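Data first, discussion second: the structure below is written as structure tokens.
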Ligand SMILES: [Zn+2]
């Protein structure tokens, strides 16, 4: 996860010239929805929603080693939905069976995965792009919730949308 709004804004910035840009935006949200929605539903149905308040996104903040909902169900779903192998496989299936949405899927999902790969240093899950074949982890450069990255991210987004809007005037 980088924040979902940023994922959507970057996808639209990258693909805005395409007539089906909104499909790319929709698919770029998919990796986080695939683990987030079931995890959220699981917490609600088991009355454990309060755990969200204790949840930490960075390993170093999780000093007491709290085992929260993400260690079991959420963790597996997270690694599957953030696996370059698993999502590449789904993309290949789409090319065969529903080719009209294959490119938006590949473009949207892999833009998300590319951001996440580098922006999850010290994250609780970690990035395992070869899951489930290998649990090899990519450490990344910085965590998405780092204040410096948030400022840089929104500065770059502002610049990108300034260029897009200026180009249309
Ligand atoms: Zn993500």
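The values are calculated or read from the model by the stated rules, or taken from the named source; none is laboratory data. What you see is a predicted model; the values in this text were computed from it and never measured. For neighbour counting, all protein chains shown are included, and Cβ atoms are generated from backbone atoms with ideal geometry for every residue, glycine included.
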A careful count of residues in the range 23-50 that are touching a helix residue (DSSP H, G or I) at 6+ places or on another chain (Cβ under 8 Å) and away from the ligand (no atom under 12 Å from the Cβ) gives 11
For the range 24-56 the number of residues that are assigned to a loop (DSSP other than H, G, I, E, B) and surrounded by 15 or more Cβ atoms within 10 Å (Cβ to Cβ) is 2
Checked the range 122-149 for anything crowded, with 16+ Cβ neighbours inside 10 Å and farther than 28 Å from residue 72 by Cβ; matches are 149
A careful count of residues in the range 1-17 that are more than 15 Å from the ligand (Cβ to nearest atom) and either in a helix (DSSP H, G or I) or in contact (Cβ under 8 Å) with a residue 40 or more places away in the chain (or both) gives 5
Please verify whether residue 21 is under 26 Å from residue 100 (Cβ atoms) and crowded, with 19+ Cβ neighbours inside 10 Å, treating the condition exactly as stated. no
All-but-one check, residue 152 against (1) within 25 Å of residue 13 (Cα to Cα); (2) surrounded by 13 or more Cβ atoms within 10 Å (Cβ to Cβ), failing number (2)
Checklist line | Flag if residue 108 is surrounded by 12 or more Cβ atoms within 10 Å (Cβ to Cβ), modelled with pLDDT of 95 or more and either over 13 Å from the mean Cα position of the chain (by Cα) or farther than 28 Å from residue 72 by Cβ (or both) | finding: no
(1) farther than 17 Å from residue 25 by Cβ; (2) in contact with a helix residue (DSSP H, G or I) (Cβ under 8 Å, 6 or more places away or on another chain); (3) free of Cβ contacts under 8 Å to residues at least 60 places away in the same chain all hold for residue 89 apart from (2)
Considering the range 57-89, residues that are surrounded by 16 or more Cβ atoms within 10 Å (Cβ to Cβ) and more than 13 Å from residue 130 (Cα to Cα), and then whichever is modelled with the highest pLDDT, we arrive at 77
